[in-house]
Amino acid sequence: MANGDKMYVRIQGSATLKDGTVESANGAWSFTGGTGKLKGVKGKGTYKGKDVPDGSATYEVEGEYELRK
């Protein structure tokens, strides 16, 4: 965050490579903690994506999170 607060994420998944390029990747993510206003963040979700010809990557990330009150 701009104020220096951080959140930490665990990512587990797999990818298929062809000629050093990610053809497809998918998996799950979950928050493992945070600092400042993000301390106590909880949440999880999934992701899927791939590399694109211009050298960048495109990923769709879905999930839910909750911040402590």
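Criterion first (exposed (fewer than 13 other Cβ atoms within 10 Å of the Cβ) and over 11 Å from the mean Cα position of the chain (by Cα)) does Glu64 satisfy it? The answer is yes for Glu64. Scan the range 2-13 and give yes if some residue there is among the hydroxyl-bearing types (Ser, Thr, Tyr) and either under 11 Å from the mean Cα position of the chain (by Cα) or more than 19 Å from Ser56 (Cα to Cα) (or both), otherwise no. Within the range 2-13, one or more residues are among the hydroxyl-bearing types (Ser, Thr, Tyr) and either under 11 Å from the mean Cα position of the chain (by Cα) or more than 19 Å from Ser56 (Cα to Cα) (or both).
Checking each residue in the range 12-31 for being loosely packed, with under 11 Cβ neighbours inside 10 Å and either within 16 Å of Glu64 (Cβ to Cβ) or among the hydroxyl-bearing types (Ser, Thr, Tyr) (or both) picks out only Ser14. Anything in the range 14-28 that is without any contact (Cβ under 8 Å) to a residue 12 or more places away in the chain and in a strand (DSSP E or B)? List them, or say none. Ala15, Thr16, Leu17, Lys18 - these are the residues of the range 14-28 that are without any contact (Cβ under 8 Å) to a residue 12 or more places away in the chain and in a strand (DSSP E or B). Applying the criterion of being open to solvent by less than 50 Å² (accessible area, probe 1.4 Å) and not in a strand (DSSP E or B) to the residues of the range 36-55, the residue that is farthest from Thr16 (Cα to Cα) is Gly36.
The values are calculated or read from the model by the stated rules, or taken from the named source; none is laboratory data. Values in this document were obtained by computation on a predicted structure and should not be read as measured data. Please note: Cβ atoms are built from the backbone with ideal geometry, for glycine as well, and neighbour counts cover all protein chains shown. Only protein heavy atoms, including side chains, enter the accessible area calculation; ligands, DNA and RNA are left aside. Shrake-Rupley method; radii C 1.70, N 1.55, O 1.52, S 1.80 Å.
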